[in-house]
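In what follows, a single structure is set out as structure tokens and then discussed.
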Amino acid sequence: MLHYVLRRVLLLPLIVWGLTVILFGFSMLLTPHQRVATYIRDPAELQGGPEQVERLIEKYGLDDPFHVQYWRWLKEVMSGNLGYSQSAAMPVSEAIRRFLPASVELALLAAIPTVLVGIWLGTVAGSNQGRILDHASRLAAIAGLSLPSFVFALLGLMVFYGVLPWFPPGRLGMWAAQAVNEGSFHRYTGMNVIDALLNGNLKVLADALRHLVLPVLTLAYMHMAVLVRVTRSAMLETLRQDYITTARSKGITERQVIISHALRNALLPVVTVTGTLLSTMVGGVVITETVFNYNGLGRFAATAAQQLDMPAVLGFALLFGTLVTLTNLVVDVAYAYLDPRVKLA
Amino acid sequence: MNRRLWLATVAATVLLVSGAVAADASIKNPDSLVIVRSADFVTLDPAWECDGQSHEIMCNLYDMLVWLDGVSLTEFAPYLSSEVPTMENGLMTLGEDGTLYIRFPIREGVFFHIVGVRQSDGSIVWKDYDSLDSAERALIVPGYGQLTPEDVKYSLLRALITDRAGSVTSDFMKLLTGGTATGMKKLSMKLAGADDFAKVDSEGLKAAFEFLDKAIAVDGDAVVLAFPNPSAASLVLFATYLNNFTVDREWAIAQGGWPGTADTWLAYHDPAVGNTALYQTANGTGPFKLVSWDRTEKTLTLARFEGYWKGPAGVKFLVRKAVPEWTTRKLMLQNGDADIIQADQALYPQLEGMEGVTVQGGLPSIGYQNPWFNWAVDKNSPAIGSGVLDGNGIPYDFFASEDVRKGFCYAFDYSAYIDEVWGGKATQVKGPILKGSLGYSDDQPQYSHDPEKAEGHFRKAFDGKLWDVGFKFTAYTTDRYSEGFKMCLNVLQQNLLAINPKFRMEIQELAWATFLGKISGDFGMPLFTMWKSPQPDPDSMVSHFMSSTGPTPQYLGAAYVALCKTEFDALIAQAAHEFDTAKRAALYDQLQRLAYERALQLFMIQPVDGLVHRDWVHGLYWNPLRGYMMIYWGVTKS
């Protein structure tokens, strides 16, 4: 297994490099006059006429050949500089460093109910096929899958902020943001919940949690629905196996049959899906972040892509590619652990 | 036991969270004015910015020499200059060679937010002015935080040498050079007699600096600007030039800014946005001072400057946030978490009637909203279809035909557009000169919706062929335009079809990058819209559309530029240099009528804008040129 893990880790730079070449290649399909949109975000900024555009193209080397531009970028990356993000108005590495904690915090808090409740509900549904519990959980899952996240998020915001002023958008209220920016509050992780705990500031903790309720619920509900469906299907498949019949015939309780015998095998496909869901939660929740004004990686990446901010897009791709590859590796290893029949080549 | 523990944890969390919920019906954040815009601003550097979002911040961190007085477009108020220069008070004089000298006596007793205080060991430490007691204030080093003419000169020069691509420093440069140069590199080339900047040596670079150094002079307690080849609008053009903010010279240099010397300007020229010393820091004389700029949360916090020369502002804090999602902004306003929000006019119906909210729509703004006729589209552009007049396309010079242009001008239903899209609140424009400006009069002709006249012109165009075969082309718009802006093309499309079903104008919305590629790369747009806000002087307005060197003609083809050269340039120059107001008005009237007679462009409306805010905000004002970029000094919450 160690050999397998090492090999996969060593392949990582190659995978990520390939990804950046593809992305860079796609961007080069746009003309320099299109790619200059990174530096002119709005018609109102086009005060200087065509000359302004030509000047920017020359300044940033946008009409240099592909290999020249790519090599220029790669050289910077190899010296630790991911470039400057026009859309975030800061260096790319700094932008990732700033936005990552927000996304990780949101993903972690959403992952807990997603995984626990999703697997539990799916297990319950699968082991009570045809009964009310099964129907109810399937209904909830279908609703979660078919309702667009944008609609769910906006509904949540309108009800729990617009009508009931309980859960406002953003990461912190004004007073809490001022408290956090004061010198006495030490930033350890960039995650408000953890930093508040480490600073012993319960008021900021409460405010941070209050702002997280809606985005966490939105994310959790959307992703939970997937896990419920996958777990249920896996449970149904597993419960039909002969060894389950054998286990029942031995006289052990149904609870033991499910937990000790069925669940472990049913979790195999669930682990795969969970890995994908978790990595998506970190970098791909643009809509949730936008509606709740939650400035995380997803929104940063979407804005960068929209504004053709290539250094930011490539920097994000580097990060996300690494994250997905590592997540897949963890999933593969978990697979081997759960199912001894699986041999890691 | 586990279940009890779980229930206890949930209950504690709910209590903790709900404890943070404030049931508050009174003014929220009473000490702070919270402004929520849809987009983030770009920089805190006054020499770099020229976007509206950043400019709103600058107006509150920094001061200008003079500025438009409240809601006026013609009257100025003194700020860092103790008087507004005029010919009458002798602060504006004409030299024998025709050079206009404008003298700005610098106001005394004005301090910057951060000042240099002499320490006991002789060193100078920069400190917050408000935090100093009287003893420490006595130790402020002269020139280190108290406004001097040298600070003003340095700031003006710094903006000129920064001269980033797309900045408005070209406006100021043209004033200083009599229109012969638009930027530092062009000035260097001109003085060195070079046709390429690469050929300019160090002496040439120095010469450019020395030219400006002489044109912006310190004379005692004043700064004197010299404008060769001045126009009657020179003061207005300078005073409304956007980068006219003053920083403390010594402080800026201490932050790593340009040292102020001739041999260093090139190193600080045209920097990238994040590469200027003052990108994320500020030290002005304005009513508010910088507290923090959280770029992750897109929140800027400014605090009241207690030492402001006009007296402290009405609110203690100014907080600006960027929230792109409209629903979120609306709910923040509704809940009182935002005092002022940005909203498109088309969204005002969602806000009208909202409790505790004031919606002031229909406020005039200086600007245009009209599609431009491109007189020479790229022949390979897919927008012109077949490229010939066969019913499936148009020739590349379709809009070079005056009959075609007049047909379009008569085809458009101005009243319906104004009523249905703008709620009846916009004003139809008669030409480049806007209502209220010198040279405008109500009896000037304007096009109206007249399908019969439109048909008459279309029948004459292309010897009658146009009417028989029809046309088809694509008009582009972009996702960066407001809905009201985009609707004008929809109205025009329907109007044309109603006149002749063979007149097909398709509308395609492009992503901004694609749109930009088309207008700047291959000019592949027969009819497109752009945005430009002129300065409040008719010279700026007519130059924009009718000068061969103006920004608009550069997009519209050689034939358009040639027309400008032959018919308008001389008249524009004559009007600009006419100091007699009545004569000047007559010349601009003539230009306005020429624009009408030639049907140069499809002038539609002067757009309106608005303010949306909570009722507890008082003291907001609306200047048509500045719009939301206002100085919040006089604003209070009660």
*Restricting region B:492-515 to residues that are within 14 Å of chain A (Cβ to nearest Cβ), aliphatic (A, V, I, L, M) and touching a residue at least 24 places away in the same chain (Cβ under 8 Å), the residue that is least open to solvent (accessible area, probe 1.4 Å)*: B:Leu510
_Please go through region A:286-303 and give me each residue that is open to solvent by less than 10 Å² (accessible area, probe 1.4 Å) and not in a helix (DSSP H, G or I), ordered by number._
A:Phe292, A:Tyr294, A:Asn295, A:Gly296
*So, in region B:287-303, of the ones that are of a type in the set (D, E, K, R) and crowded, with 20+ Cβ neighbours inside 10 Å, which residue ends up nearest to B:Ala39 (Cα to Cα)?*
B:Lys298
*Scan region B:320-347 residue by residue and report those that are assigned to a helix (DSSP H, G or I) and within 11 Å of chain A (Cβ to nearest Cβ).*
B:Trp326, B:Thr327, B:Thr328, B:Arg329, B:Lys330, B:Leu331, B:Met332, B:Leu333, B:Gln334, B:Asn335
*Take the residues of region A:19-45 that are within 7 Å of chain B (Cβ to nearest Cβ) and outside any helix (DSSP H, G or I): which is least open to solvent (accessible area, probe 1.4 Å)?*
A:Ile40
*Check on A:Leu278, surrounded by fewer than 20 Cβ atoms within 10 Å (Cβ to Cβ), among the aliphatic types (A, V, I, L, M) and either within 14 Å of chain B (Cβ to nearest Cβ) or over 21 Å from A:Val92 (Cα atoms) (or both)*: no
_Looking only at region A:171-192, and only at residues there that are within 20 Å of A:Thr290 (Cα to Cα) and open to solvent by 10 Å² or more (accessible area, probe 1.4 Å), the one that is farthest from the other protein chains (Cβ to nearest Cβ)_ = A:Met191
_Options A:Gly61, A:Gly80; residue that is more than 8 Å from chain B (Cβ to nearest Cβ), more than 17 Å from B:Asp270 (Cβ to Cβ) and of a type outside the set (Lys, Arg)_ = A:Gly80
*When both residues are 6+ apart or on different chains and their Cβ atoms are under 9 Å apart, which pairs have a first residue that lies in region B:65-94 and is free of Cβ contacts under 8 Å to residues at least 12 places away in the same chain, and a second that is among the small types (Gly, Ala, Ser)?*
B:Asp69/B:Ala77; B:Ala77/B:Gly70
*Given the conditions (1) without any contact (Cβ under 8 Å) to a residue 12 or more places away in the chain; (2) within 14 Å of chain B (Cβ to nearest Cβ); (3) among the charged types (D, E, K, R), and given that A:Arg7 satisfies all but one, which numbered condition is not satisfied?*
(2)
*Are there any strands (runs of 3 or more DSSP E) wholly within region B:54-173 with 1 or more residues that are open to solvent by 30 Å² or more (accessible area, probe 1.4 Å) and of a type outside the set (D, E, K, R), and if so which?*
B:76-78, B:92-94, B:100-105, B:114-118, B:124-128
_If I go through region B:178-197 residue by residue, how many of them are part of a helix (DSSP H, G or I) and surrounded by 22 or more Cβ atoms within 10 Å (Cβ to Cβ)?_
3
*Among the candidates A:Leu219, A:Leu212, A:Leu155, A:Leu205, which residue alone is open to solvent by 30 Å² or more (accessible area, probe 1.4 Å), out of contact with any strand residue (DSSP E or B) (no Cβ under 9 Å at 6 or more places or on another chain), outside any loop (DSSP other than H, G, I, E, B) and of a type in the set (A, V, I, L, M, F, W, C)?*
A:Leu155
*Scan region B:460-491 for residues that are open to solvent by 30 Å² or more (accessible area, probe 1.4 Å), within 14 Å of chain A (Cβ to nearest Cβ) and touching a residue at least 60 places away in the same chain (Cβ under 8 Å) and jot them down.*
B:Ser482
*How about region B:527-565: which of its residues are at pLDDT below 80 and closer than 28 Å to A:Pro32 by Cβ?*
B:Leu527, B:Phe528, B:Thr529, B:Met530, B:Trp531, B:Lys532, B:Ser533, B:Pro551
_The conditions are (1) more than 22 Å from the chain's Cα centre (by Cα); (2) within 15 Å of A:Arg210 (Cβ to Cβ), and A:Ala125 fails exactly one of them. Which is it?_
(2)
_Residues (open to solvent by 20 Å² or more (accessible area, probe 1.4 Å), assigned to a loop (DSSP other than H, G, I, E, B) and of a type outside the set (Gly, Ala, Ser)) located in region B:348-362_ = B:Glu352, B:Met354, B:Glu355
*Mind telling me which of the residues B:Val66, B:Val84, B:Val71 ends up being more than 12 Å from chain A (Cβ to nearest Cβ) and modelled with pLDDT under 90?*
B:Val71
_Taking the conditions exactly as written (open to solvent by less than 50 Å² (accessible area, probe 1.4 Å) and modelled with pLDDT of 95 or more), does B:Leu591 satisfy them or not?_
yes
*Scan region B:591-610 and give yes if some residue there is closer than 17 Å to A:Pro50 by Cα and assigned to a loop (DSSP other than H, G, I, E, B), otherwise no.*
no
*asked:* in contact (Cβ under 8 Å) with a residue 40 or more places away in the chain and within 14 Å of chain A (Cβ to nearest Cβ): is that true of B:Asn243 in this structure?
replied: yes
*What are the residues in region B:317-344 that are open to solvent by 40 Å² or more (accessible area, probe 1.4 Å) and touching a Ser or Thr at 6+ places or on another chain (Cβ under 9 Å), if any?*
B:Phe317, B:Pro324, B:Gln342, B:Asp344
_Given (1) on the phi > 0 side of the Ramachandran plot; (2) surrounded by 18 or more Cβ atoms within 10 Å (Cβ to Cβ); (3) more than 8 Å from every other protein chain (Cβ to nearest Cβ), index of the condition A:Ala89 fails_ = (3)
*Out of (1) at pLDDT below 95; (2) surrounded by fewer than 16 Cβ atoms within 10 Å (Cβ to Cβ), what's the single condition that is false for B:Gln606?*
(2)
*Selection count, region B:375-426, where residues are buried (at least 18 other Cβ atoms within 10 Å of the Cβ) and among the polar types (S, T, N, Q)*: 2
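The values are calculated or read from the model by the stated rules, or taken from the named source; none is laboratory data. Computed from a prediction, not measured in an experiment: that's the story for all the values here. Heads up, the Cβs are rebuilt from the backbone with ideal geometry, glycines too, and the neighbour counts pull from every protein chain shown. Only protein heavy atoms, including side chains, enter the accessible area calculation; ligands, DNA and RNA are left aside. Shrake-Rupley method; radii C 1.70, N 1.55, O 1.52, S 1.80 Å.
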